[in-house]
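For reference, the structure is listed below as structure tokens.
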Amino acid sequence: MLTNTKIILKKAQANHYAIGHFNINNLELVQGIVQAANNLNSPIILATSEGAVKYAGINFLYQLAATASELSKVPIALHLDHGKDLNVIKQAIQLGYSSVMIDASHETIEKNIQLTKKVVRLAHQKGISVEAELGTIGGVEDSIKSKNILYTDPQKAQEFVQKTGCDFLAIAIGTSHGAYKFPGKAKLHQQLLQEIKQKVTIPLVLHGASTVPLSLVNQANHYGAKLTHFHGVPESEIKQAIRNGICKINTDTDLRIAFTTAIRQSLTNNPQEFDPRSYLAEARNSIQHIVEQKIKLFGSVNKK
Ligand SMILES: [Zn+2]
């Protein structure tokens, strides 16, 4: 059975580690992520964006995650990432997702509060927890585009949580979505995170937290990719953010790069091969490998 996201996050919060939120679109991603979690005895959150729902269909994604949780010895939650369309949010609640995100961060704070309250009411009726966002995270993710990062204000965050009753909060402390995260120095606003942590008692969420490992980018480029000017969040900044109170960390870009790079490599090395299982198995292995690295970085090994 799928696990309540709030329960695993509260446990992480109390014990100072973070749970990985990993975006899924297909079977091989689910299997790679879930194998990593089982290998390391770690709870995880599988997440579907509205883009993923559009690509694969919400029923397929729900069933993949539900089946993975049946076959696993570790807690697995299913989360709707960046819910903007109320119909998709309602569908996820109806199906039995563990949690949904309402992202109204680009609206005025009044509108954000109003929409978040509405989703909290719908979700809590079914025992489903809700992530909201205050401030804006930069970059591009599916249809979510934002040029500027608008840092989260600690005082407003406190009021927002009190007024909306959301269960965990995504904050903007300098990360961006996508592979190009920092025009200048790759640093997060750790001091601001500490200030938010003092005012907000619910679990805090870090979006746009891919590290974009240089070795992976080089490997992709070696096999014909043209990935340039990529900058991720340094691992040291992630560790510091966990120490400062982050307990859910969203990762998508690193998985995309790992998946695609493995396929490039496999096809280049085996030009006679035309069985999709051969290169998809490589992609799945690569996902397992990178998710294991993330679980170790987040400190959730043996926390099931
Ligand atoms: Zn995000």
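Please treat every number below as a calculation from the coordinates, not as lab data. As the structure is a computational prediction, the values presented were derived from the model and not from experiment. When we count neighbours, we look across all protein chains shown, and the Cβ atoms used for this are built from the backbone with ideal geometry, even at glycine.
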Worksheet item: So how much slack lies between residue 124 and residue 182, counting 0.36 nm per residue of separation and subtracting their Cα-Cα distance, in nm?
Response: 17.2 nm
Worksheet item: Relative contact order for region 1-145 using alpha-carbon pairs under 8 Å, separation at least 6, rounded to a whole percent?
Response: 23
Item to complete: Kindly state, to the nearest 0.05, the FRET efficiency for residue 226 paired with residue 109, given R0 = 35 Å and r defined as their beta-carbon distance.
Response: 0.30
Worksheet item: How many angstrom lie between the C-alpha centres of region 241-268 and region 185-228?
Response: 10
Worksheet item: So, with +1 on the Cβ of K and R and -1 on the Cβ of D and E, and no other charges, what is the size of the charge dipole of region 149-240 about its Cα centre, to the nearest 20 debye?
Response: 160
Item to complete: For each pair in 10/90; 117/239; 84/163; 73/197; 11/248; 10/296, compute the distance between the two Cα atoms and list the pairs where it is over 22 Å.
Response: 10/90; 117/239; 73/197
Practice prompt. Taking DSSP loops as anything outside H, G, I, E and B, show the longest stretch in the chain free of GluC sites (Glu not before Pro) there with at most 16 other beta carbons within 10 Å.
Written response: 108-272
